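The numbers here are math on the coordinates, done by the rules we state, and not lab data. It should be emphasised that the depicted structure is a prediction, and the values quoted were computed from it without experimental measurement. FYI the Cβ positions are ideal-geometry reconstructions off the backbone, even for glycines, and counts take in every protein chain you see.
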Amino acid sequence: MTMMLFPMLGNERMTNAIAERIGSAVGKLELRRFPDGESYIRLHSTVAGRAVAVVCTLAHPDDRFLQLLFTARLLRENGARSVHLVAPYLAYLRQDRRFNDGEALTSRQFAQLLSAEFDGLVTVDPHLHRYGNLQEVYSIETEALAASPLLAEWISRSCRGAAHHRSRQRERTMGGRHRRAYRRAACGVYEDAPGRPRCPHCGVEPFGLERTNADPRR
C-alpha cells in the first residue's frame, strides 16, 4: 500500500504534484481557524495501518507549527503506521550556535520537537552551515535533497531560447564603451561593467558580488 500524503494549508498544489509523480494518494484533511485564532482539524481519510506523510513548508514556522503538531498526533491517534514530514524549507537551522550569552539554541530545540512527532523528514537544501548533516540535530531518519541540478536545467531550458534576442536588443541601446563592458560582463569579466552586471540571458544579477544586511546567523 502506497504512502498517503496530507497537505497543510497552502501546500495543496505541491502535494498534488508530489503525489502524481510518485503515485501516492492524497488524503483529506479539514483545516481552519476559529475567530480567536485557534485551529480546527478533522481527518476525513482512513489511515489505520498506513504510512502517511504531511507536506508543509516551514517558512514562517511559528505560524504553522501548532497545526502541524496537532495533525501529526491526529494521524497517530487514528492508527497511522508511521508519520513522516515533507518540508521543502526547513526552519530554525541558522541559530546553530550561541552567539551571545543566554541565547536559545533553537536549531536543536526545533529538531527535538519535530523528532518527537515524526518518524522521518525529507527537506531540500537545508541550511547546514556549522552542522555537517541533519543527523547531528535530528534523531529521526532524514533525507536532504538538492534542488540545484533541477534549477540549472530549468534555467538553461528557459533562457536558451531568448538569450540571443535579449542580448542583441540590449547591445543596440548601449554606447560603444558600455557595449564592450557588457560583453565582458557576459563572459564573466565584471571589473569594467557599468553598474552591477547582469546575466545576458535572463537579466538576473550574479550572486556573490556583495551582501547587504547580512543575517548574523549565516
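Run down His84, His60 and say which single residue is under 18 Å from Met8 (Cα atoms), surrounded by fewer than 17 Cβ atoms within 10 Å (Cβ to Cβ) and either under 19 Å from the mean Cα position of the chain (by Cα) or in contact (Cβ under 8 Å) with a residue 40 or more places away in the chain (or both).
Numbers: His84 fails: surrounded by fewer than 17 Cβ atoms within 10 Å (Cβ to Cβ).
Of His84, His60, the one residue that is under 18 Å from Met8 (Cα atoms), surrounded by fewer than 17 Cβ atoms within 10 Å (Cβ to Cβ) and either under 19 Å from the mean Cα position of the chain (by Cα) or in contact (Cβ under 8 Å) with a residue 40 or more places away in the chain (or both) is His60.
Among what's in region 14-66 and is basic (Lys, Arg) and in a loop (DSSP other than H, G, I, E, B), pick the residue that is nearest to Met3 (Cα to Cα). Lay out the reasoning, then the answer.
In the first step, residues of region 14-66 are kept if they are basic (Lys, Arg); the result is 21, 28, 32-33, 42, 50, 64.
After this cut, where a residue has to be in a loop (DSSP other than H, G, I, E, B) as well, the list is 28, 50.
Working: Lys28: 14, Arg50: 7 Å.
The qualifying residue nearest to Met3 (Cα to Cα) is Arg50.
Would you be able to tell me the number of residues in region 96-112 that are in a loop (DSSP other than H, G, I, E, B) and surrounded by fewer than 18 Cβ atoms within 10 Å (Cβ to Cβ)? Quick ask: steps written out before the conclusion?
As a first pass, look at region 96-112 and keep what is in a loop (DSSP other than H, G, I, E, B): 96-105.
Now narrow it down to the ones that are surrounded by fewer than 18 Cβ atoms within 10 Å (Cβ to Cβ): 97-105.
Number of matching residues: 9.
Restricting to region 1-44, give me the number of residues that are loosely packed, with under 13 Cβ neighbours inside 10 Å and touching a Lys or Arg at 6+ places or on another chain (Cβ under 8 Å).
Number satisfying all stated conditions: 4.
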